[in-house]
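Right, one structure below, let's go through it.
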Amino acid sequence: MAITYDLVREASCALYSRALRKIPADTHAALAEAESRESDERSRKTLRFLQRSARKTEEEGQHACSDAGFPTFVVKIGTRLSLDGDIRNAFVDGFADMVEQIDPPILKFITHPLTLERSFAGKDIPNLSFDIADGEDFIEITCSPKALGSGRWASLEVFSYPTMEQIESYVMDCVLKAGSQHCPPVVIGVGIGGDFDNAAKLAKRATLRHIGTTHPEQIVADMESRLLEAVNATGFGPMGQGGDTTALAVHVDYSSGHGFVPVAVCFNCWINRRTTARIYNDGRVVHVE
């Protein structure tokens, strides 16, 4: 068999709708853990409110946030599968289906960057990022809608032969600039190295890593730990209420490159929107966290 246009269209539509209504299980657990160790009473109340809101969202099928963002997908294509049909258009049409079908409806968040005209469609929408999965017989699709709160504060700078201290200082500069405007507690992704577009991709994908996991290389895991401690020492706290929980996680990844080293920083707000499905060559569609 082959993975068809129809399968991808249906899956991408469902993933976006699900992402607006469901908070990942690891995020639920991280919010509960944060509440248990939070020292500030106002922040504990805020964390309890966020958890109640998340549960009610899922129970009633409502949207976790009024800002539906815009559609971004990370797509891994296995080398042992077959594709049939206009797969790029399947994502375009899947998003159009979601806009038409979803209840409650969403607002027009797709914005032309030059005219600022807003619509439900636009150039290069949905935004797709592709990778190859050697030896696999599935296409894996992860939907992570980017909204104003988290998307606005992403940043990138290119350094020449930076030290780790310089890299960490830059990350903290981005955190301090964002303050609490990205709806904390956040997940922070940091991408280091390669070319500038690669660093941005690394940072964005790092936000999708499950909370509670660490980088397999100790030097990177140690950086994640230092940064998480430093971010939470800023005192911004949940929704800017103060306290110990500005970030639920800091995830760092890197690529080798040249002496010029791009460093990118990306944020996911407290909802941490992330839904994933695998479509297998035999036509099965499996949703994974």
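Remarks
- Residue in the stretch 230-251 that is charged (D, E, K, R), surrounded by fewer than 21 Cβ atoms within 10 Å (Cβ to Cβ) and under 20 Å from the mean Cα position of the chain (by Cα) present: no
- Selection count where residues are touching a Cys at 6+ places or on another chain (Cβ under 8 Å) and either assigned to a loop (DSSP other than H, G, I, E, B) or aromatic (Phe, Trp, Tyr) (or both), scope the stretch 118-155: 3
- Residue satisfying condition, being closer than 23 Å to His182 by Cβ, among the polar types (S, T, N, Q) and at pLDDT 95 or above, within set Gln62, Gln51: Gln51
- If you filter the stretch 67-86 down to residues that are out of contact with any helix residue (DSSP H, G or I) (no Cβ under 9 Å at 6 or more places or on another chain) and not in a strand (DSSP E or B), you find that the one that is nearest to Leu202 (Cα to Cα) is Thr79.
- Candidates in the stretch 10-51 are the residues that are part of a helix (DSSP H, G or I) and of a type in the set (S, T, N, Q); of these, the one that is surrounded by the most Cβ atoms within 10 Å (Cβ to Cβ) is Ser12.
Every residue, every condition in (1) of a type in the set (Gly, Ala, Ser); (2) farther than 22 Å from Ala32 by Cα; (3) in a strand (DSSP E or B); (4) in contact (Cβ under 8 Å) with a residue 12 or more places away in the chain, yes or no:
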site: Glu157; (1), (2), (3), (4): no, yes, yes, yes
site: Tyr170; (1), (2), (3), (4): no, yes, no, yes
site: Lys204; (1), (2), (3), (4): no, yes, no, yes
site: Arg209; (1), (2), (3), (4): no, no, no, yes
site: His215; (1), (2), (3), (4): no, yes, no, yes
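- Odd one out for Leu31, checked against (1) in contact with a strand residue (DSSP E or B) (Cβ under 9 Å, 6 or more places away or on another chain); (2) of a type outside the set (Gly, Ala, Ser); (3) free of Cβ contacts under 8 Å to residues at least 12 places away in the same chain: (3)
- Test: residue in the stretch 216-225 that is aliphatic (A, V, I, L, M) and within 14 Å of the chain's Cα centre (by Cα): no
Residues checked against (1) under 16 Å from the mean Cα position of the chain (by Cα); (2) at positive phi; (3) modelled with pLDDT of 95 or more; (4) of a type in the set (Gly, Ala, Ser):
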position: Gly151; (1), (2), (3), (4): yes, no, no, yes
position: Asp173; (1), (2), (3), (4): no, no, yes, no
position: Val186; (1), (2), (3), (4): yes, no, yes, no
position: Gly194; (1), (2), (3), (4): no, yes, yes, yes
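- When residues of the stretch 213-229 are limited to those that are more than 25 Å from Glu289 (Cβ to Cβ) and aliphatic (A, V, I, L, M), the one surrounded by the most Cβ atoms within 10 Å (Cβ to Cβ): Met223
- Tally of residues being of a type outside the set (Asp, Glu) and under 20 Å from Val8 (Cα atoms) across the stretch 94-122: 10
- Meets criteria (at pLDDT 95 or above, under 19 Å from Gly149 (Cα atoms) and either in contact with a strand residue (DSSP E or B) (Cβ under 6 Å, 6 or more places away or on another chain) or not assigned by TED's automatic domain parsing to the domain that holds Thr142 (or both)) for Phe73: yes
- Count - residues of the stretch 87-97 that are surrounded by fewer than 22 Cβ atoms within 10 Å (Cβ to Cβ) and either touching a Cys at 6+ places or on another chain (Cβ under 6 Å) or outside any helix (DSSP H, G or I) (or both): 1
The values are calculated or read from the model by the stated rules, or taken from the named source; none is laboratory data. Given the structure is predicted, the values throughout are model-derived calculations rather than measurements. In this analysis, Cβ positions are derived from the backbone assuming ideal geometry, glycine residues included, and neighbour counts consider all displayed protein chains.
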